[in-house]
Amino acid sequence: MAIPPGQSQSKTHTIPVVCFKNVRKTFGNQQVLRGLSFELQPGEISFIIGRSGEGKSVTIKHIIGVLHPDVGEIFINGELLTRAPETSWIRARKNMGLLFQDGALFDSMTVGENVAFPIREFEQLTPKELSLRVESLLDLVGLPGYGLARVPDLSIGERKRVGLARALSLNPSLLLYDEPTTGMDPLISELIDSLILEMQKKIPGLSSVVISHDIQSVLRLADRIFFLHEGKMYATGTPTEFRANTDPIIQQFITGSLKGPLGQPIA
Amino acid sequence: MMEVALSGLESLGGLVRGQIIGLGRFTLLIRELFFWMVRRPFRIQLIFKQFEFVGNKSLSIVTLSSLFTGAVLGLQIGKIFGIFKAEGLMGAATGKALALELAPVMCGFIVTGRAGAAMAAEIATMRVNEQLDAMEAMGVSPVSYLIVPRVIASTLMMPLLSAIFLSLGLVGCYIIGLVMFRVDTSVFVAQLQWLVWVSDIQKGMTKALVFGFILSTIACYKGFHARGGAKGVGEATTQAVVASLLTILIVDFFISLVQMKG
């Protein structure tokens, strides 16, 4: 039996950092989100999981306001932003950081310029203050002295870390990771996982939302798991609750079995 | 038979629908462009960087092509006018053609091929690599950061490049007149002053201004809506160049029509 969305959150009374209410989104003839509802609690590492094409990345793009729902409501830190003007979204985005799958670094800039980019846009710092801030962010992600490095010269793991430094540059209260370990070897995946945990420990009050297919990472790191299926929130719960869950869909997803209600992936 | 007709109609419908959607997207981009043009932050540094890219870096190719365009025009016109013993008018005729049509249109082509293609490719690459999404996620409008400086720089640089094209084109024509047709300098200048008016130059500059806006907005639009990896970048760049060149020619006709009536 799946855990209904929100059931294990009913005891909390804090304002959710992200709240989706019956969000629907269609692209052409394809309905991706079909009444998605969930709440993400502050200070937690929340994992959004599900099969490919279930709308996980679409969900994260709705959280940062790059996509807007056709129907439904989105609240960020208690503020309804669904039909809010772009200025409200820009204000909300300053409290968010997003780490893209491959870092999405600006390859025309150096590593330092990439990290400094959001700071230059929103804060008035002297060149010395800016340089110190950039250096401390690069220190935080384990890349001291990389400020002048060129983006094309970085390894994929380094790119992710620079992306993380840039995502953290405006001291966000919500950090989003879009499939951070996809396509990574086990060592880099482990490194990224440890970075997620480290950031959570180092930055008080930080809420993290991770989209991932890596079930081992999910079960190891998550405070709460959100399972997306057929455009809806199928189940939510802690890793322990998920492991104990007997629902065949969840069990098939966790075990990665080819036999079960989810069917086989299309080659 | 009926099926073929229906299929054809369906294809036509799809094509029209695609064009209407494209036009709608382009209009929205233009609206956002004007919105960010008059709002902070004004990115002066980025605009100057684009002045350098669109203007300074196009200078060598404009210089070379204008000299040869003027020379070849002088050659052809001089030969024809020579039949009527009117070689002295070759500078005036070339000047008129350059000022009204050739300088702005040729500059439009050159800047499209050099800067417009680069703009489309750069923005398209940023789109397919999620760099534009990253910018938006950081609360920075890609239109404000990338498109506004490029459009302002192209629009303002095109009249300048066109003026340089006109001047050097006349130099090319003068050299041909002097060397091949033995045209007297005073006659060349006098005829030029007689036939080419300040209003002709103004009309040409107006065209160049419009072409600068057109080529940069089309290039940025194509790049902005690119999809599908390296292939998408290539397609966006090709489409940007083709659409810009065609639009410049079509708009040139209508501006000429208005200018003639005005």
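The values are calculated or read from the model by the stated rules, or taken from the named source; none is laboratory data. The structure presented is a predicted model; accordingly, all values stated were derived computationally and were not measured. Cβ placement follows ideal geometry from the backbone for every residue including glycine, while neighbour counts extend to all protein chains displayed.
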Check: What is the number of the single condition among (1) at pLDDT 95 or above; (2) more than 14 Å from chain A (Cβ to nearest Cβ); (3) crowded, with 22+ Cβ neighbours inside 10 Å; (4) touching a Gly at 6+ places or on another chain (Cβ under 7 Å) that residue B:160 does not meet?
Finding: (3)
Checklist line | Candidates A:240, A:246 - the one that is over 11 Å from residue A:47 (Cα atoms) and part of a loop (DSSP other than H, G, I, E, B) | finding: A:246
Margin query: Tell me yes or no: at least one residue of the range B:42-59 is farther than 23 Å from residue B:208 by Cβ and not in a helix (DSSP H, G or I).
Written below: yes
Next item on the list: Looking only at the range A:107-132, count how many residues are surrounded by fewer than 16 Cβ atoms within 10 Å (Cβ to Cβ) and either among the aliphatic types (A, V, I, L, M) or at positive phi (or both).
Entry: 3
Notebook entry, point to check: Any residue in the range A:78-91 that is modelled with pLDDT under 90, closer than 30 Å to residue A:184 by Cβ and facing another protein chain (nearest Cβ under 10 Å)?
Noted result: no
Note to self: I'd like the full set of residues that are in contact (Cβ under 8 Å) with a residue 24 or more places away in the chain, more than 13 Å from the chain's Cα centre (by Cα) and in a loop (DSSP other than H, G, I, E, B), limited to the range A:31-54.
What the structure shows: A:41, A:42, A:43, A:51, A:52, A:54
Note to self: Can you find a residue that is under 16 Å from residue B:119 (Cα atoms) and within 15 Å of the chain's Cα centre (by Cα) anywhere in the range B:186-206?
What the structure shows: no
Checklist line | Single residue of the range B:163-186 satisfying the filter (of a type in the set (Phe, Trp, Tyr) and assigned to a helix (DSSP H, G or I)) that is modelled with the lowest pLDDT | finding: B:174
Notebook entry, point to check: Does the range B:137-151 contain any residue that is out of contact with any Lys or Arg (no Cβ under 9 Å at 6 or more places or on another chain), more than 14 Å from chain A (Cβ to nearest Cβ) and in a helix (DSSP H, G or I)?
Noted result: yes
Notebook entry, point to check: Which residues, counting only those in the range B:39-77, are surrounded by fewer than 17 Cβ atoms within 10 Å (Cβ to Cβ), closer than 30 Å to residue B:141 by Cβ and not hydrophobic (A, V, I, L, M, F, W, C)?
Noted result: B:39, B:40, B:41, B:45, B:49, B:52, B:56, B:57
Checklist line | Of residues in the range A:62-77 being within 11 Å of chain B (Cβ to nearest Cβ) and in contact with a helix residue (DSSP H, G or I) (Cβ under 9 Å, 6 or more places away or on another chain), the one nearest to residue A:211 (Cα to Cα) | finding: A:64
Margin query: Looking only at residues that are in contact (Cβ under 8 Å) with a residue 60 or more places away in the chain and within 18 Å of residue B:142 (Cβ to Cβ) in the range A:87-96, which one is farthest from the chain's Cα centre (by Cα)?
Written below: A:94
Next item on the list: Just one of (1) surrounded by 18 or more Cβ atoms within 10 Å (Cβ to Cβ); (2) free of Cβ contacts under 8 Å to residues at least 12 places away in the same chain trips up residue A:28, so point out which.
Entry: (1)
Check: under 30 Å from residue A:87 (Cα atoms), away from chain A (no Cβ under 14 Å) and surrounded by fewer than 21 Cβ atoms within 10 Å (Cβ to Cβ) - does that describe any residue in the range B:109-124?
Finding: no
Checklist line | Residue satisfying all of: in the range A:60-95; among the β-branched types (Val, Ile, Thr) and part of a helix (DSSP H, G or I); farthest from residue A:165 (Cα to Cα) among these | finding: A:87
Next item on the list: Consider only pairs whose beta carbons are under 9 Å apart and that are at least six residues apart or on different chains; among these, list those whose first residue lies in the range B:144-156 and is without any contact (Cβ under 8 Å) to a residue 40 or more places away in the chain and whose second residue is crowded, with 24+ Cβ neighbours inside 10 Å.
Entry: none
Check: When you look at residue A:83, is it in contact (Cβ under 8 Å) with a residue 24 or more places away in the chain and among the charged types (D, E, K, R), yes or no?
Finding: no
